[in-house]
Amino acid sequence: MQQWHGFKDIPHDWGRSVVTIGSYDGVHRGHQLIVGRAVDRARELGVPSVVVAFDPRPREVVRPGSRPPLLAPRHRRAELMAEHGVDVLLILPFTEEFARLSPADFVLRVLVERLHAKWVVEGPNFRFGHRAAGNVAVLAELGHSYDYEVEVVDLVIRGEAGGGEPFSSTLTRRLVAEGDVQGAAEVLGRPHRVEGVVVRGAQRGRELGFPTANVETLPHTAIPADGVYAGWLRAGGDAMPAAVSIGTKPHFDGTERSFEAHAIDRVGLDLYGMHVTVDLLAFVRGQAKFDSIEALLDAIAGDVKRSRELIEAYEAVSGRPT
């Protein structure tokens with residue numbers, strides 16, 4: 001997959017294409033349907049598929065300080081787009097000037113003059129242009145003038161257990177924030193991933209016999225609610241079952257949140273300075289303050305045992321996440 005950063009990277013001889021536009025944070029199952037339809041339509045028409053995203057996200061420019069937590073950093077979104085067969089990911093700088101473009105000017109500047117859109121695929125809630133004045137009806141109307149077709153892909157609705165909500169990044173963030181990583185995985189189509197660099201911590205886990213990788217997570221990452229989770233710790237291509245602790249360590253009267261992963265049944269790991277990823281599979285328990293170190297050790301041993309069981313059950317059904 002090609003990645004373009006701004007209009008300057010678009011080849012001068014670029015022909016027609018199938019385009020979809022959105023932030024696509026998380027590339028959840030609803031996004032996957034839209035992107036997948038764009039890819040399929042592009043193959044049918046014999047032209048490339050292009051996903052247009054913005055950096056920063058429009059919301060951050062239109063409403064400064066309203067940055068929502070990120071479900072996937074930009075490089076991860078690019079990986080997921082490539083996995084779904086996208087030919088080109090175009091990242092456009094979103095500026096105040098860009099935010100003032102009318103819907104007609106937006107279409108002319110992005111879809112017509114630069115990408116020569118033949119077909120545009122969007123969800124029913126797609127909005128664009130100044131003050132989000134444009135919708136899919138406006139997009140289709142402009143298509144009559146500029147010789148492109150618009151296809152609208154219906155929303156995917158989560159089951160009744162989830163209140164019948166449509167799959168969305170907002171829903172996914174809420175589930176992650178509540179610690180419902182299994183619910184988030186239902187929307188994403190895969191476990192929620194957190195990544196960052198392993199840094200030195202207080203070494204308490206090592207002293208207790210349960211060494212952990214203290215992960216300095218990427219800025220603005222969506223972090224689950226405090227508690228213990230079962231997951232996979234991935235470092236240098238090696239995926240290791242892990243018990244993950246998130247929170248302030250109330251037993252030690254901590255005040256700063258940390259994200260730590262204990263690699264189950266692994267001895268002598270040295271991950272300092274490495275960039276790692278952690279895929280979160282299931283909630284094990286909430287944070288707690290214990291009466292003694294012995295009680296804490298018993299709880300940690302139970303966490304490891306329960307995490308191992310949950311991971312084995314997941315592997316039996318779904319295999320390891322990629």
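All of the numbers you see were taken from the coordinates with simple rules; none came from a lab. If you're wondering where the values come from, they're calculated on a predicted model, not measured in any experiment. Ideal geometry is used to build each Cβ from the backbone, glycine not excepted, and the neighbour counts take in all protein chains shown.
Taking amide H positions as modeled 1.01 Å from N, with prolines and chain starts lacking one, the residues under 5 Å from Val284 and 5 or more places away or on another chain are Val228, Tyr229, Ala230. Considering only Met240, Ala316, Val156, and ranking their Cα positions along the charge dipole of the chain that arises from unit charges at the beta-carbon of Lys, Arg, Asp and Glu, the one farthest toward the positive end is Val156. With R₀ fixed at 35 Å, the C-beta to C-beta distance from Leu297 to Glu83 puts the FRET efficiency at about 0.25.
The gain in end-to-end length when the His144 to Leu208 segment is fully stretched comes to 16.2 nm, 0.36 nm per residue minus the alpha carbon separation.
Taking the Cα centre of the stretch 2-152 as origin and assigning +1 to Lys and Arg Cβ atoms and -1 to Asp and Glu Cβ atoms, the resulting dipole is close to 460 debye. Using every pair of separate Cα atoms, the Kirkwood estimate puts the hydrodynamic radius of the stretch 2-152 at 15.4 angstrom.
For helix 293-318, what angle does its Cα long axis make with the longest principal axis of the chain, in degrees from 0 to 90 and rounded to 10? Roughly 40 degrees between the two axes. Rounded to the nearest 20 debye, the dipole magnitude of the chain is 380 debye, with +1 charges on Lys and Arg beta carbons, -1 on Asp and Glu beta carbons, and the Cα centre as origin. Ranking Ala117, Leu45, Val107 by how far each Cα lies toward the positive end of the dipole of the stretch 2-152 (charges on Cβ) leaves Val107 at the top. If the segment from Arg127 to Arg74 were pulled out straight at 0.36 nm per residue, it would be longer than the present Cα-Cα gap by 17.0 nm.
Could you work out the percent of alpha carbon pairs in the chain separated by over 37 Å, rounded to a whole number? Of all Cα-Cα distances in the chain, 26 percent exceed 37 Å. When Phe106, Phe283, Phe7 are sorted by how many other C-beta atoms sit within 10 angstrom of their C-beta, beginning with the fewest, the order is Phe7, Phe283, Phe106. Each label point was placed 7 Å from the Cα along the Cα-to-Cβ direction; for Ala104 and Phe7 their separation is 1.8 nm. When the convex hull of its Cα atoms is viewed from all sides, the stretch 67-161 shows a mean projected area of 8.1 nm². Only Cα pairs within less than 10 Å get springs; with that Gaussian network setup on the chain, which residue of Val136, Val39, Val199 has the largest fluctuation? Most flexible of the set in this elastic network: Val199. Here Lys289 is the anchor, and the lysines within straight C-alpha reach of less than 18 Å, apart from those fewer than 8 places off in the same chain, are Lys249.
Each pair of Cα atoms in the stretch 248-322 enters the Kirkwood radius, and Stokes-Einstein at 20 °C and 1.002 mPa s then converts it into a translational diffusion coefficient of 147 µm²/s. Taking every DSSP helix (H) stretch of at least 4 residues in the chain, weighting each as -39,500 (n - 2.57) and dividing the sum by the residue count yields a mean residue ellipticity at 222 nm of -9000 deg cm²/dmol. Loop-located chymotrypsin sites (Phe, Trp or Tyr not before Pro) in the stretch 204-281 (DSSP state not H, G, I, E or B) with no more than 15 neighbouring Cβ atoms inside 10 Å: Tyr272.
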